[in-house]
Structures are given as C-alpha cells and as structure tokens.
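Asks: Take this structure first; my questions come after.
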Amino acid sequence: MSVAVELPAWTAQAPLQLMHLPWAQAAGIELAVLRLDLLDPLISGNKWFKLLDHLRAAQAQGAAGVISLGGAHSNHLHALAAAGQRFNFATVGLLRGHAQLTPTVTDLQAMGMQLHWLGYAGYRERHAADFWTPWLQRYSGFYPMPEGGGGLPGALGCGQITRLLREQVADLGWDDYHGVWLACGTGTTLAGLLLAEAGAHALYGVTAVPMDYGVASQIEQILHAAGQPPTDYQLFDGSRGGFAKVDAELLAFMAECETHSGVPLEPLYTGKALLQLREQVQAGYFAQGTRLVFIHTGGLQGRRGLAL
Ligand SMILES: *Cc1c(COP(=O)(O)O)cnc(C)c1O
C-alpha cells in the first residue's frame, strides 16, 4: 500500500457567502465568508489544503504511509486520518500527553489511524534532530509530516484557498475584495495565502496563540524558503489569555454570530478571529465600503471535545 491521492472537485462544497452581521453593517463593512468548514464531511477546513503538497511529496517518494503528530483534539490528525481512509493509505498519529478518549481520538481510531501516546515530555522532543529515527525504523518507508502539516509544502497547498475564493467573488456581485481575514496557529495558512496573493490583496491574521509564540517568524521562514520577498500583512493577537482559553464574552459573541449569520464557529480559532474583527471594525480600523473575506478555517470537529 502506498500513498496515492486524487484531488476532488471542491468548489461546490466550499461556498463563498455574504455574512450579515450587525456590527459590520453598522460600520459599512461588507463581509463574506469562505466556508472551508463545508469542504468535505470529514476532511474539513484549512487542514486539507495543508496536507495537499505533503501528500503529493509522500506519493512521489512512494511512501508506505504517513506519520504525524498532534493533540487529542487535533484537527490536523483528524484530516490526515480521514485522507488515509479516503485514499486508502496507512496513517500513524503520535499524540501529546497520556491516552484519553476524546471524540477526535475515537474518530482517529475508527478511521484506522495507528496511535501512540508520547506523554508531555516525549512530545516536547518532537523538534529534536533524531526524533523521527526510531519511528521511521518502526514504520519503515513512511513519510514524516510535521505537526499541523506545516512548512513550505503546507503553505503551498493553501494557495488553492485563494483560487477557490477568486473563482467565486463575482457570484457575490463584487468586482473585487480588499482584504482577507483569518485565524492563525502556526501561520502556515496565512503564509500560503501571502504567496498566492503576491501582494494583490491585504491579509490580516489573528493569532490563536500569544504573539511571543513566534508566528511572525514562522511566516517569514516560509516566505524565505519560497524565495519570495517579504510581503506586507497584519497580525493581531486574538489569543485572549492563551491558546484554547475560552471566556464568557467569546462564547456569547459566537452564539450571537451563529444566530445572525447561520455560520457555526469554534472557540479556538474562528470564534476568536471573528471577535477580533469586530473589535477592529468597531475601533474604526477599516474604512466604510471595505470588502473583506473571512476564511472559515473549519475545526468544528474539535469543538465536540470542549464541554461548552
Ligand atoms: C490549524 C487551524 C488554524 C491555524 O492554521 P495555521 O496554518 O497553523 O496558521 C486555523 N483555524 C483552524 C480551525 C485550525 O484548525
């Protein structure tokens, strides 16, 4: 068994829709949302795009399967396991912490991913030079994929998001858009959009982790690896006290948004990103008449494990 992927036609399942939110309308901002959460029942959101070029590389190498890392709610491992099941290649997940049964972990097992729990200390070793050696001895011929499907290959696949967006802009009755707003974890997706836009439109990223986690430097590294001169973008700290920290204002905002727009959000990335947008819009950051596209990066599967 080796890795062989076919790329499905997605556009129909990831529509670009107008998003009617009172606070945006009050400021004269036109907002649309690219629904990557609707891409596929199992392989949802930006994680599928981040897998693309890694899977192509695995295929080119004739890899026997793919091995990667993540936490017990990982959207990345979920997308990888689903891709393995869909395209019939073997997957191995190395998990942070100690064995626990979350809805995500149950899915990973059901989708045939082989799991290993590394503990916390073991997981912290993942950037060590010899980390992969014993795993690749055990899973000979497997393609090791970095956490979250990151790096330049991860970013390059995200260029498809820009294509999906551009294909559909005219359907909104818009001649163009001014900027793109999205949540960032590692910044890989934002870097991919920067490469694809090449300065054509403004990009705004909201970090799900505090600013000192090095998101900007990871973005620079990817641009550097791509040989593209640094382009301009804006980062906002949306972490609200830390990654995965959830507060009452955030939950109330998400509920209100879902009521007004019908678009489901999760609190780690998309909820925080949109709340940060409201704050910037209300602070007058954007001129009246600005047309913005919010990328719904998915992640709804992870929401099941958060007792909210
Ligand atoms: C992983 C993830 C992100 C962050 O993507 P990066 O490429 O790491 O910046 C954003 N939103 C959701 C829902 C995610 O699962």
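Each row is one residue, and each column tells you yes or no for (1) open to solvent by 10 Å² or more (accessible area, probe 1.4 Å); (2) away from the ligand (no atom under 16 Å from the Cβ); (3) in contact with a strand residue (DSSP E or B) (Cβ under 6 Å, 6 or more places away or on another chain).
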| site | (1), (2), (3) |
| --- | --- |
| Pro210 | yes, no, no |
| Val215 | no, no, yes |
| Ile219 | no, no, no |
| Gln234 | yes, no, yes |
| Ala255 | yes, yes, no |
| Arg278 | yes, yes, no |
| Gln288 | yes, yes, no |
| Leu300 | yes, no, no |
| Arg303 | yes, no, no |
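Asks: Same structure, new question: Please determine whether any residue of the range 13-32 is touching a residue at least 12 places away in the same chain (Cβ under 8 Å), over 30 Å from Val281 (Cβ atoms) and within 16 Å of the ligand (Cβ to nearest atom). Break it down stepwise before answering.
Replies: Let us first name the residues in the range 13-32 that are touching a residue at least 12 places away in the same chain (Cβ under 8 Å), namely 13-24, 27-32.
So of that shortlist, the ones also over 30 Å from Val281 (Cβ atoms) come out as none.
No, the range 13-32 has no match at all.
Asks: Against the conditions (1) under 28 Å from Leu94 (Cα atoms); (2) surrounded by fewer than 22 Cβ atoms within 10 Å (Cβ to Cβ), where does Asp171 fall short? Just the number, please.
Replies: Against the list (1) under 28 Å from Leu94 (Cα atoms); (2) surrounded by fewer than 22 Cβ atoms within 10 Å (Cβ to Cβ), Asp171 comes up short only on (1).
Asks: Restricting the search to the range 85-101, which residues are in contact with a Leu (Cβ under 7 Å, 6 or more places away or on another chain) and open to solvent by less than 30 Å² (accessible area, probe 1.4 Å)?
Replies: Hits for the range 85-101 are Thr91, Gly93, Leu94, Leu95.
Asks: Let me ask something else. What about Phe294, is it outside any loop (DSSP other than H, G, I, E, B), more than 20 Å from Gly179 (Cβ to Cβ) and open to solvent by less than 30 Å² (accessible area, probe 1.4 Å)?
Replies: Taking the combined requirement at face value, the residue does not satisfy it.
Asks: What residue, of Gly185, Gly112, Gly192, is touching a helix residue (DSSP H, G or I) at 6+ places or on another chain (Cβ under 8 Å), within 13 Å of the ligand (Cβ to nearest atom), modelled with pLDDT of 95 or more and open to solvent by 10 Å² or more (accessible area, probe 1.4 Å)? It would help to see each step written out before you state the result.
Replies: Details: Gly112 fails: within 13 Å of the ligand (Cβ to nearest atom); Gly192 fails: open to solvent by 10 Å² or more (accessible area, probe 1.4 Å).
Matching residue, one of Gly185, Gly112, Gly192: Gly185.
Asks: Taking the stated definitions as given, is Glu256 free of Cβ contacts under 8 Å to residues at least 60 places away in the same chain, closer than 30 Å to Gly28 by Cβ and part of a loop (DSSP other than H, G, I, E, B)?
Replies: no
Asks: Let me ask something else. Could you run through the range 244-267 and say how many residues are closer than 13 Å to His296 by Cβ and out of contact with any helix residue (DSSP H, G or I) (no Cβ under 9 Å at 6 or more places or on another chain)?
Replies: Number of matching residues: 3.
Asks: Next up: Could you list, ordered by first residue, the pairs with Cβ atoms under 6 Å in which the first is in the range 268-281 and more than 14 Å from Thr297 (Cβ to Cβ) and the second is open to solvent by 20 Å² or more (accessible area, probe 1.4 Å) and in a helix (DSSP H, G or I), at least 6 apart or interchain?
Replies: Qualifying pairs under 6 Å: Arg278/Trp23.
Asks: Just to be sure I understand the filter: pairs with C-beta atoms under 7 Å, separated by 6 or more residues or on different chains, first member in the range 197-222 and in contact (Cβ under 8 Å) with a residue 40 or more places away in the chain and assigned to a loop (DSSP other than H, G, I, E, B), second member open to solvent by 60 Å² or more (accessible area, probe 1.4 Å) and within 13 Å of the ligand (Cβ to nearest atom). Which pairs pass?
Replies: Ala208/Phe243
The values are calculated or read from the model by the stated rules, or taken from the named source; none is laboratory data. Everything numeric in this text was worked out from a predicted model, so none of it was measured. Note: ideal-geometry Cβ built from the backbone for every residue, glycine included; neighbour counts use all protein chains shown. Side chains are part of the model used for accessible areas, which takes the heavy atoms of the whole protein and leaves out ligands, DNA and RNA. Shrake-Rupley method; radii C 1.70, N 1.55, O 1.52, S 1.80 Å.
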